[in-house]
Amino acid sequence: MSVDIDLIFKIAAIGILVAILNRVLVQSGREEIAMMTTLAGLVIVLLMVVDLINQLFQTIKSIFQLY
Amino acid sequence: MDIVQIVSIGLVAAILAITLRQQRPEMALIVSIAAGVVIFFMIAGKLSAAIQALNEVMRKAQLNNIYFTTVLKIIGIAYITEFGSQICKDAGEGSIASKIELAGKVLIMVLALPIVLAVFDLISSVMQ
């Protein structure tokens, strides 16, 4: 995944979406589904960030010859 | 990729992180990590160009290459350690951050040891 600026906006959008969904589901009484959506959003965002950090460390290794 | 763009990205990411902090603090942390990585990738090109230039100077001066590569490794380790410990501090985990810094210091010391020994040998040989 290329590293570009809208990655930050994607993560923030998912975060806000999950927060709203969680609030709506909690209000409508479905607690467990709210928890599920929160966890799902978190997993998606974590996958994106782990991939991003992996690219970062690969770049640093190549720049600083840290083998 | 000038400084204005980098600063604007940093500010926007900070604002997004604050909005997320009330409901989902973990998402706010992830947004700040993503912003840090994106900003680093913006300067990575210029950083590697500068390091290539330094490499060139070192090669022309016929200095032993081992010293310069060790210095580069130390800078790389220092940067990664700083990156990790700063994020742990943002997340409120001060103890983990200090453990990461301790590990970074030990690794850097291990890397710097041969150079220090070389300097001592040089000094002792000069003294005789």
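Quick look at the numbers
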| read-out | value |
| --- | --- |
| Residue check, B:ILE80 in contact with a Gly (Cβ under 9 Å, 6 or more places away or on another chain), in a helix (DSSP H, G or I) and within 10 Å of another protein chain (Cβ to nearest Cβ) | yes |
| Matching residues, the range B:115-128, being in a helix (DSSP H, G or I) and loosely packed, with under 12 Cβ neighbours inside 10 Å | B:VAL116, B:LEU117, B:VAL119, B:PHE120, B:ASP121, B:LEU122, B:ILE123, B:SER124, B:SER125, B:VAL126, B:MET127 |
| Residue check, A:LYS61 in contact (Cβ under 8 Å) with a residue 24 or more places away in the chain, facing another protein chain (nearest Cβ under 10 Å), part of a helix (DSSP H, G or I) and open to solvent by 80 Å² or more (accessible area, probe 1.4 Å) | no |
| Any chance B:ILE66 is of a type outside the set (Ser, Thr, Tyr) and open to solvent by 70 Å² or more (accessible area, probe 1.4 Å) | yes |
| Residue match in the range B:40-62 (condition: on the phi > 0 side of the Ramachandran plot and more than 10 Å from every other protein chain (Cβ to nearest Cβ)) | yes |
| Members of the range A:37-67 that are touching a helix residue (DSSP H, G or I) at 6+ places or on another chain (Cβ under 6 Å) and of a type in the set (Ser, Thr, Tyr) | A:THR37, A:THR38, A:THR59 |
| Any hit, the range B:88-102, residues being farther than 30 Å from B:ILE18 by Cα and open to solvent by less than 50 Å² (accessible area, probe 1.4 Å) | no |
| Where B:ASP90 falls short, out of the listed (1) touching a helix residue (DSSP H, G or I) at 6+ places or on another chain (Cβ under 9 Å); (2) modelled with pLDDT under 95; (3) under 21 Å from A:GLN58 (Cβ atoms) | (3) |
| Number of the exception - B:GLU101 against (1) more than 9 Å from chain A (Cβ to nearest Cβ); (2) closer than 30 Å to A:ARG23 by Cβ | (2) |
| Which listed residue, of B:SER95, B:SER125, B:SER85, B:SER32, is facing chain A (nearest Cβ under 10 Å), out of contact with any Lys or Arg (no Cβ under 6 Å at 6 or more places or on another chain) and at pLDDT 90 or above | B:SER32 |
| Hits in the range B:63-77 - residues which are more than 10 Å from every other protein chain (Cβ to nearest Cβ) and of a type outside the set (Val, Ile, Thr) | B:LEU63, B:ASN64, B:ASN65, B:TYR67 |
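Yes or no, residue by residue, for (1) crowded, with 17+ Cβ neighbours inside 10 Å; (2) more than 7 Å from every other protein chain (Cβ to nearest Cβ); (3) on the phi > 0 side of the Ramachandran plot:
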| position | (1), (2), (3) |
| --- | --- |
| A:PHE9 | no, yes, no |
| A:ALA19 | yes, no, no |
| A:ARG23 | no, yes, no |
| A:GLU31 | no, yes, no |
| A:GLY41 | yes, yes, no |
| A:LEU47 | no, yes, no |
| A:VAL50 | no, yes, no |
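The values are calculated or read from the model by the stated rules, or taken from the named source; none is laboratory data. Keep in mind the model is a prediction, meaning the values are calculated, not measured. With ideal geometry, Cβ positions are generated from the backbone for all residues, glycine too; neighbour counts draw on all protein chains shown. Keep in mind that these areas ignore ligands, DNA and RNA; they rest on the heavy atoms of the full protein, side chains included. Shrake-Rupley method; radii C 1.70, N 1.55, O 1.52, S 1.80 Å.
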